[in-house]
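Undergrad: Attaching a single structure in structure tokens format; questions to follow.
The values are calculated or read from the model by the stated rules, or taken from the named source; none is laboratory data. A quick note: this is a predicted structure, and the numbers were derived from the prediction, not measured. Note: ideal-geometry Cβ built from the backbone for every residue, glycine included; neighbour counts use all protein chains shown.
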2 protein chains.
Amino acid sequence: MRFGVNYTPASGWFHSWQNLREEDVRRDLGQIASLGVDHIRIFPLWPVLQPNRSLISQTAVDDVLTVVDVAAELGLDVNLDVLQGHLSSYDFLPAWITTWHRRNLFTDPEVVQAEADLAEEFARQLAGRPNIMGITLGNELNQFAPPVHPDAHPVTPLQADAWLEKLVAGARADGEHFVTNAMYDASWYDDRQPFEPRHAVDYGDATVIHSWVFNGSAQIFGALHDGSVRHAEYLLQLAAAWHHDAARPVWLQEVGAPTTVIPRESAPDFLEATIRHAATVPGLMGVTWWCSHDVSRALADFPEVEYDLGLFTHDGVLKPTGERFAALVREFRAGGVGSPSSTALVLDDTAEGYRGTCAPGGSFHRAWLDAAAAEGQGPQVLLASRAPYAEELVARGIRTVLEASPEGSRGITSNR
Amino acid sequence: MRFGVNYTPASGWFHSWQNLREEDVRRDLGQIASLGVDHIRIFPLWPVLQPNRSLISQTAVDDVLTVVDVAAELGLDVNLDVLQGHLSSYDFLPAWITTWHRRNLFTDPEVVQAEADLAEEFARQLAGRPNIMGITLGNELNQFAPPVHPDAHPVTPLQADAWLEKLVAGARADGEHFVTNAMYDASWYDDRQPFEPRHAVDYGDATVIHSWVFNGSAQIFGALHDGSVRHAEYLLQLAAAWHHDAARPVWLQEVGAPTTVIPRESAPDFLEATIRHAATVPGLMGVTWWCSHDVSRALADFPEVEYDLGLFTHDGVLKPTGERFAALVREFRAGGVGSPSSTALVLDDTAEGYRGTCAPGGSFHRAWLDAAAAEGQGPQVLLASRAPYAEELVARGIRTVLEASPEGSRGITSNR
């Protein structure tokens, strides 16, 4: 299992891409490497990379390569997210896609072509560098899709398929990269989100999960309750239910301890419990913590949570979460992870509005938590639409199938 | 009278601010200096300068200083526009003012404070450099104000006063700069525009005009008709009507030959006639042509007009308009300008919707053109609200007052 961190530059946050200072990168990545992790995930800004629809900035691409090469010197692999897009409440859209030039970033053919061109440019430029972990299409681009976005770019599920196909092809241009698609959790929890659970498993080389307990989990269940510390495990198991190949990896690409809902003194325990639970999920390829460094208080207007997510302070002091994370990395490097659950809970994905039942506090979520409590381990998830599961049970090592009723735990019935 | 050009970088357009190359600047400014002009107007990009509400990028400010110093070596003065804002159909708004962080750029107190901070930062950093011509608050920020903008930032005329007061104070922080406020022509022509004619004359040290005959003038009157080649003169005279001090300078800060409405072969004649007419306006301090270099066809999605506005092609070849401009600069440097008209036409600014009558083809515009044809020179403009004009007539050298009726030329009556 791999361990890494999402790299949030200590000086100037992601705005530092506008004038990258190699010495700052070296300082930050040196601190990150001291945690014992093997990789970082990086996020250049779209308007800096591609200021005009037909102009990819070679300077900006070179800056990305600089970060990759500094990481290599420090023994770190790098996963690159292409389109940002969205980061910590801020949207970074190039001027050629806004106001007078407003075009849909998922469906306008010229816009999508330009995005694919950028992915392809990176695929080629990163080729041959041995410390490239992979390419993610962009950070949670599906945040732009739903009508709750103040400046939404509407897309249908079928159009989302076409978009993903085009961008994955771009990122695969060089034929060698590990490609992933990262979505925020509305894909599994919100029936209005046009990027659906199947979009997580039908594209790229692994299924990506971003687990954030400020989504209601921590508020409903409390900071150290299973509803919070098993949230990442749950979402990983839930996402894997749509796999067509039981061996497809799952990647906990973002998980953090938001101290707006997790008391700061509980954050290390939350971190440890979260990672121990997640590590039991079959096929987990890695955990990439969010994030490396706190946002400095000198930067205005961030949501409060963003100022305290780092494993390091903005001036490079290791925090208690960082110490705990490093200890877990050492432990997991030395030993193995637990074995996956042989129990599975059935999700009725044929029911209208089933995604709402999966959301924190929803009937399926509660049933899963109850089963986890009863078994001492979070169950895998099966989709009712795939019954009777004959091959799947074998491939996934499932021996017990539980049915969840809409009433939650009390309705669990065993098909053991 | 001063002559200059609006500097549109030949390589990478204004995106070049993201990674300024001094050698490119030196090449471009060398070409510009060969025209015999004395100044340039420059436009750094707001998101590059101020990526976070509380972060002004010293690198970006240093890049501006680099351009200023290269200009000085080449004998060019520099006018800096602070907030871009808007350039050639593209809007550049920092992420802290859009989508989830949407705030009004004219009325939100923290946003306005940040804008004023940026103006103040430039005021201080530019202080002491002898080749600073002045500071303009930003390029046509009033484009964001009216409801026709797809992402409008509503503001009332009184709020516009407060905004201007705050920003002018910022730009004056060092006490030495020549400060101006640049608005597009809707302020004089469109009754829905909250930035009004008085906002042009009540703030800063000169009244700024941007004259663009694609606003209907060329379409209605033809490329070389007085309605087009006297448009800049007309707008300068119209704007000066609101002056409280007859000695206040007027600056033709932007004027260009848009070949979408001016046939390319007529563009040099349009340029020459425009400048000769404008030069007769009392108090004209200078003409700053738009622009130095064509936008390269390698850059996508610009309105067609933007690819052919340069005095040079994007690869540095002097165009016929450039030759004509240089010849006029030489001529005006050697000799003087004509004397201003002693005739004035009265605009009834007390009538509802009077701004619409001033627009190209409107009754006041036509009356002014008729008077110009009859007198052989464009008349000055008096505001009916200020009748009987006793002091104004003396101060402005007006001996004949014409009344314009809503029917246009036929209704002109002389109060000679």
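Undergrad: I'm checking my understanding of the structure. Among residues of segment A:338-376 that are touching a Lys or Arg at 6+ places or on another chain (Cβ under 9 Å) and modelled with pLDDT under 95, which one is surrounded by the fewest Cβ atoms within 10 Å (Cβ to Cβ)?
TA: Checked segment A:338-376; the qualifying residue surrounded by the fewest Cβ atoms within 10 Å (Cβ to Cβ) is A:Gly338.
Undergrad: Would you mention how many residues in segment A:62-87 are away from chain B (no Cβ under 13 Å) and either assigned to a loop (DSSP other than H, G, I, E, B) or among the small types (Gly, Ala, Ser) (or both)?
TA: Total satisfying the criteria: 5.
Undergrad: Which residue out of B:Leu284, B:Leu271, B:Leu311, B:Leu299 is surrounded by 18 or more Cβ atoms within 10 Å (Cβ to Cβ), within 14 Å of chain A (Cβ to nearest Cβ) and in contact with a helix residue (DSSP H, G or I) (Cβ under 9 Å, 6 or more places away or on another chain)?
TA: Values: B:Leu284 fails: within 14 Å of chain A (Cβ to nearest Cβ); B:Leu271 fails: within 14 Å of chain A (Cβ to nearest Cβ); B:Leu311 fails: within 14 Å of chain A (Cβ to nearest Cβ).
Answer to the check: B:Leu299.
Undergrad: Does B:Glu110 qualify as being surrounded by fewer than 18 Cβ atoms within 10 Å (Cβ to Cβ) and under 20 Å from the mean Cα position of the chain (by Cα)?
TA: Answer is no for this residue.
Undergrad: Shifting gears a bit: On the basis of being away from every other protein chain (no Cβ under 13 Å) and either farther than 30 Å from B:Phe144 by Cβ or touching a Pro at 6+ places or on another chain (Cβ under 6 Å) (or both), does A:Leu118 make the cut?
TA: Taking the combined requirement at face value, the residue does not satisfy it.
Undergrad: Collect the residues in segment B:278-316 that are part of a strand (DSSP E or B) and not aromatic (Phe, Trp, Tyr), keeping them in residue-number order.
TA: Taking segment B:278-316 and keeping what is part of a strand (DSSP E or B), we get B:284-290, B:293, B:312.
Residues satisfying the conditions are B:Leu284, B:Met285, B:Gly286, B:Val287, B:Thr288, B:His293.
Undergrad: Which residues, counting only those in segment B:348-358, are under 21 Å from B:Val401 (Cα atoms) and out of contact with any Ser or Thr (no Cβ under 6 Å at 6 or more places or on another chain)?
TA: Those that are under 21 Å from B:Val401 (Cα atoms) and out of contact with any Ser or Thr (no Cβ under 6 Å at 6 or more places or on another chain): B:Asp348, B:Ala351, B:Tyr354, B:Arg355, B:Cys358.
Undergrad: When you go through A:Ala162, A:Ala152 one by one, which is the residue that is within 14 Å of chain B (Cβ to nearest Cβ), at pLDDT 95 or above and out of contact with any strand residue (DSSP E or B) (no Cβ under 9 Å at 6 or more places or on another chain)?
TA: Working: A:Ala162 fails: within 14 Å of chain B (Cβ to nearest Cβ).
Only one candidate qualifies: A:Ala152.
Undergrad: Give the residue that is nearest to the other protein chains (Cβ to nearest Cβ), with candidates limited to residues of segment A:88-114 that are more than 22 Å from B:Gly85 (Cα to Cα) and touching a residue at least 60 places away in the same chain (Cβ under 8 Å).
TA: Within segment A:88-114, the match that is nearest to the other protein chains (Cβ to nearest Cβ) is A:Ala114.
Undergrad: Mind telling me which of the residues A:Leu126, A:Leu141 ends up being among the hydrophobic types (A, V, I, L, M, F, W, C) and within 28 Å of B:Phe302 (Cα to Cα)?
TA: Being among the hydrophobic types (A, V, I, L, M, F, W, C) and within 28 Å of B:Phe302 (Cα to Cα) holds for just one of A:Leu126, A:Leu141, which is A:Leu141.
Undergrad: Looking only at residues that are aliphatic (A, V, I, L, M) and within 30 Å of B:Ser339 (Cα to Cα) in segment B:1-34, which one is farthest from the other protein chains (Cβ to nearest Cβ)?
TA: B:Met1
Undergrad: Report whether or not A:Leu45 is in contact (Cβ under 8 Å) with a residue 12 or more places away in the chain, crowded, with 21+ Cβ neighbours inside 10 Å and closer than 26 Å to A:Thr156 by Cβ.
TA: Working: in contact (Cβ under 8 Å) with a residue 12 or more places away in the chain: yes; crowded, with 21+ Cβ neighbours inside 10 Å: yes; closer than 26 Å to A:Thr156 by Cβ: no.
No.
Undergrad: Also, quick follow-up: Among the residues of segment B:3-17, is there at least one that is assigned to a strand (DSSP E or B), of a type in the set (A, V, I, L, M) and surrounded by fewer than 21 Cβ atoms within 10 Å (Cβ to Cβ)?
TA: No, that holds for no residue.
Undergrad: Tell me, which residue of segment A:252-268 that is within 18 Å of the chain's Cα centre (by Cα) and not in a loop (DSSP other than H, G, I, E, B) is surrounded by the most Cβ atoms within 10 Å (Cβ to Cβ)?
TA: Among residues in segment A:252-268 that are within 18 Å of the chain's Cα centre (by Cα) and not in a loop (DSSP other than H, G, I, E, B), the one surrounded by the most Cβ atoms within 10 Å (Cβ to Cβ) is A:Gln253.
Undergrad: Residue under question is B:Ala200, and the condition is that it be in contact with a Phe, Trp or Tyr (Cβ under 9 Å, 6 or more places away or on another chain), surrounded by 19 or more Cβ atoms within 10 Å (Cβ to Cβ) and not hydroxyl-bearing (Ser, Thr, Tyr); does it hold? Let's see the steps before the verdict.
TA: Details: in contact with a Phe, Trp or Tyr (Cβ under 9 Å, 6 or more places away or on another chain): yes; surrounded by 19 or more Cβ atoms within 10 Å (Cβ to Cβ): yes; not hydroxyl-bearing (Ser, Thr, Tyr): yes.
Here the answer is yes, as B:Ala200 does meet what is asked.
Undergrad: Considering each residue of segment B:19-45, count those that are outside any helix (DSSP H, G or I) and either under 21 Å from the mean Cα position of the chain (by Cα) or closer than 19 Å to A:Trp13 by Cα (or both), and give that number.
TA: Adding up the residues that qualify gives 11.
Undergrad: Run down B:Ala169, B:Ala123 and say which single residue is surrounded by 16 or more Cβ atoms within 10 Å (Cβ to Cβ) and not in a loop (DSSP other than H, G, I, E, B). I'd like the intermediate steps shown before the answer.
TA: Working: B:Ala169 fails: surrounded by 16 or more Cβ atoms within 10 Å (Cβ to Cβ).
Unique residue meeting the criteria: B:Ala123.
Undergrad: Take the residues of segment B:317-356 that are among the charged types (D, E, K, R) and in a helix (DSSP H, G or I): which is nearest to the chain's Cα centre (by Cα)?
TA: B:Arg355
Undergrad: Which of (1) of a type in the set (A, V, I, L, M, F, W, C); (2) in a helix (DSSP H, G or I); (3) more than 18 Å from the chain's Cα centre (by Cα) does A:Ala246 not meet, given it meets every other one?
TA: It fails just one condition, (2).
One line per residue, one yes/no per condition, for (1) farther than 17 Å from A:Ala182 by Cα; (2) hydrophobic (A, V, I, L, M, F, W, C):
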{"position": "A:Asp69", "(1), (2)": "yes, no"}
{"position": "A:Val78", "(1), (2)": "no, yes"}
{"position": "A:Gln84", "(1), (2)": "no, no"}
{"position": "A:Ser89", "(1), (2)": "no, no"}
{"position": "A:Ala95", "(1), (2)": "yes, yes"}
{"position": "A:Ala127", "(1), (2)": "yes, yes"}
{"position": "A:Met133", "(1), (2)": "no, yes"}
{"position": "A:Asn142", "(1), (2)": "no, no"}
{"position": "A:His149", "(1), (2)": "yes, no"}
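Undergrad: If we keep just the residues of segment A:35-45 that are farther than 24 Å from B:Pro94 by Cβ and in contact with a Gly (Cβ under 9 Å, 6 or more places away or on another chain), which is nearest to the other protein chains (Cβ to nearest Cβ)?
TA: The qualifying residue nearest to the other protein chains (Cβ to nearest Cβ) is A:Arg41.
Undergrad: Give all pairs with beta carbons closer than 7 Å in which a residue from segment B:269-295 that is assigned by TED's automatic domain parsing to the domain that holds B:Val255 meets a residue that is polar (S, T, N, Q) and part of a helix (DSSP H, G or I); count only pairs at least 6 apart in sequence or on separate chains.
TA: Close Cβ pairs (under 7 Å, with a partner that is polar (S, T, N, Q) and part of a helix (DSSP H, G or I)) amount to B:Phe270/B:Ser228; B:Leu271/B:Thr321; B:Val281/B:Gln237.
Undergrad: Within segment B:46-61, can one find any residue that is at the interface with chain A (Cβ under 10 Å from one of its Cβ atoms), among the small types (Gly, Ala, Ser) and part of a helix (DSSP H, G or I)?
TA: Yes.
Undergrad: Is it true that A:Asp226 is among the charged types (D, E, K, R) and in contact (Cβ under 8 Å) with a residue 40 or more places away in the chain? Can you show your working first?
TA: On the way: among the charged types (D, E, K, R): yes; in contact (Cβ under 8 Å) with a residue 40 or more places away in the chain: yes.
Judged against the criteria, A:Asp226 is a match.
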